[in-house]
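Colleague: Structure below; questions to follow.
Derivation of every value follows stated rules applied to the coordinates shown; laboratory data play no part. Just so it is clear, the structure is predicted and the values come from calculations on it, not from any experiment. Cβ atoms come from the backbone with ideal geometry, glycine included; neighbour counts cover every protein chain shown.
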Amino acid sequence: MPHEFSTSSLCVHDMMTHREGHMSERVSDNASDPQKIGVREFRGNLTAYLRQVRQGSTILVTSHDEIVAELRPPSPSYRPRRQPGALRGRIRLSDDFDQTPQDMLDSMDGDL
């Protein structure tokens, strides 16, 4: 007697096999054109799509054929990273830096 499969298990298996093949195509394809994916597809494969974005891809997320989000790598920062010690020797403090002037002390002692 031949082995019988239920329709639902076959469909799920076919969908998963198709999705995995589809995902591997997209992961390896780093085209400059942004790829469009549905919200459901994005939600189901979030990690893989974020990995693609990290590698430089742009992804447009759609809902009912309308673009609802654009995922792309962040633009490079315009401010250079802070380098501790970069101003060493260029900043000088006056000799009286830590002394409060007498007129200021007098004004603090007065009545409010």
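Colleague: Note the full-extension length gain between Ala86 and Ala69 as 0.36 nm times their separation in residues minus their Cα-Cα distance, in nm to one decimal.
Modeller: 2.1 nm
Colleague: Can you tell me the dipole magnitude for segment 29-112 around its Cα centre, using point charges on the Cβ only (Lys, Arg +1; Asp, Glu -1), in Debye to the nearest 20?
Modeller: The calculated dipole for segment 29-112 is roughly 1000 debye.
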